[in-house]
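Below is one structure; the comments refer to it alone.
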Amino acid sequence: SQELEQSPQSLIVQEGKNLTINCTSSKTLYGLYWYKQKYGEGLIFLMMLQKGGEEKSHEKITAKLDEKKQQSSLHITASQPSHAGIYLCGAGPISNFGNEKLTFGTGTRLTIIP
Amino acid sequence: GAVVSQHPSWVICKSGTSVKIECRSLDFQATTMFWYRQFPKQSLMLMATSNEGSKATYEQGVEKDKFLINHASLTLSTLTVTSAHPEDSSFYICSASGYRGAYEQYFGPGTRLTVT
């Protein structure tokens, strides 16, 4: 089965600073998803990557998938309090129907301090 | 706005009782729904996959007789925790996949179950 390891497990960053979260897979990734979760709440979809070397950005968040498709990074520029939460990477086969089950990483808890 | 809802958002029950959690897709038809559980400070673990009109597929180690899943319509799936025990206390999250301009998977807000 596919395993996803995230690092760091927790991160405390001063507001305005940049940060990076990594997600490493034990197997080749076919589809890599990034989600954000506020404590005790559901998941918010951030981005999905599927091609080696692919990079996507949304507002101040950039996600990359390496050429070998076994590692992804999530980079936040000029962090804000609203970025605080738990970031989860998820892996699954890509289909055109979105009905694949996902395996989730261990999660990274991000705290932003003023 | 929210496209997948869960009810209740939190529930406290006594040991030995059964609890039903509903997962609804609000503005699309969900052919497939997934049920996950999440323990404190841990990641999501898939429990089962349910397709409308057919039996759910359970992940290894998940007791199908304890966690009853029914996906009777394209907008509703239910998870019933039977004879709940304190170790079943957890955060249960469903996700639904369907078409809303594109095929995607949407997660519900979760249900926190506490068994006393």
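Read the figures in this text as sums done on the coordinates, not as results from a lab. As the structure is a computational prediction, the values presented were derived from the model and not from experiment. In this analysis, Cβ positions are derived from the backbone assuming ideal geometry, glycine residues included, and neighbour counts consider all displayed protein chains.
Computed over region B:1-69, the range of Cα coordinates on each principal axis works out to 35, 27, 26 Å, biggest value leading. Sequentially through region B:86-97, phi angles give Karplus couplings (6.51, -1.76, 1.60; θ = phi - 60°) of x, 5, 7, 4, 5, 9, 9, 10, 10, 9, 10, 10 Hz, Gly and Pro residues having no value and appearing as x.
Based on the alpha carbons, how large is the Rg to Rh ratio for chain B when Rh follows Kirkwood? Write out the running numbers ahead of the final one.
Details: Rg = 13.4 Å, Rh = 14.1 Å.
The Rg/Rh ratio comes out at 0.96.
Amide hydrogen proximity for A:Leu4: with H placed 1.01 Å from N in the peptide plane, no residue at 5 or more positions away or on another chain lies under 5 Å.
Averaging the Cα positions of each part gives two centres, and for region B:45-96 and region B:9-26 these lie 11 Å apart. So which chymotrypsin sites (Phe, Trp or Tyr not before Pro) in region A:31-70 are both in a DSSP loop and have at most 16 other Cβ atoms within 10 Å of their Cβ? Here the chymotrypsin sites (Phe, Trp or Tyr not before Pro) that fit, given the DSSP loop and packing criteria, are A:Tyr39.
Between A:Thr20 and B:Thr116, the modelled label-to-label distance comes to 4.9 nm, taking each label 7 Å out from Cα in the direction of the beta carbon. Between the amide H of B:Gln29 and those of B:Tyr99, distances stay under 5 Å, these residues lying 5 or more places away or on another chain, with hydrogens modeled in the peptide plane.
How long are the semi-axes of the equivalent ellipsoid of the protein assembly as shown, taking √(5λ) for every eigenvalue λ of the Cα gyration tensor, in whole Å from largest down?
Each semi-axis is the square root of five times an eigenvalue, giving 30, 20, 16 Å.
Modelled label positions at B:Leu68 and A:Glu55, each set 7 Å beyond Cα in the direction of Cβ, lie 5.3 nm from each other. If one computes P(r) from the Cα atoms of chain A, what percent of pairs lie at distances over 25 Å? For chain A, the fraction of Cα-Cα distances above 25 Å is 16 percent.
Per 0.36 nm of contour for each residue apart, how much would the distance between A:Arg109 and A:Ile12 grow if the chain were fully extended, relative to their Cα-Cα spacing?
Details: separation 97, 0.36 × 97 = 34.92 nm, distance 0.84 nm.
Result: 34.1 nm gained on full extension.
Note on B:104-116: average number of Cβ atoms from other chains within 10 Å of each residue's Cβ is 4.
Only beta bridges with both residues in region B:10-116 are counted; by DSSP, about 90 percent of them are antiparallel.
Return the loop-located trypsin sites (Lys or Arg not before Pro) in region A:36-78 (DSSP other than H, G, I, E, B) with at most 15 other Cβ atoms within 10 Å of their own Cβ; answer none if there are none. Can you show the working numbers first?
Working: sites: A:Lys36, A:Lys38, A:Lys51, A:Lys56, A:Lys60, A:Lys64, A:Lys68, A:Lys69; in loops: A:Lys38, A:Lys51, A:Lys60, A:Lys68, A:Lys69.
In loop regions of region A:36-78 (DSSP not H, G, I, E or B), the sparsely surrounded trypsin sites (Lys or Arg not before Pro) are A:Lys38, A:Lys51, A:Lys60, A:Lys68.
May I ask which of B:Lys14/B:Lys55; A:Lys17/A:Lys64; A:Lys60/B:Lys41; A:Lys36/A:Lys60 have a Cα-Cα span longer than 21 Å here? Display every interim value, and only then the final one.
On the way: B:Lys14/B:Lys55 28 Å; A:Lys17/A:Lys64 19 Å; A:Lys60/B:Lys41 26 Å; A:Lys36/A:Lys60 14 Å.
Where the Cα-Cα span goes over 21 Å, the pairs concerned are B:Lys14/B:Lys55; A:Lys60/B:Lys41.
Of the trypsin sites (Lys or Arg not before Pro) found in region B:15-96, the ones in coil according to DSSP and having at most 15 other Cβ atoms within 10 Å of their Cβ are B:Lys41, B:Lys55, B:Lys64, B:Lys66. Rounded to the nearest Hz, the phi-derived 3J(HN,Hα) couplings of region A:18-31 under the Karplus curve 6.51 cos²θ - 1.76 cosθ + 1.60 (θ = phi - 60°) are 8, 8, 9, 10, 10, 9, 10, 9, 7, 9, 4, 8, 9, x, where x marks glycine and proline.
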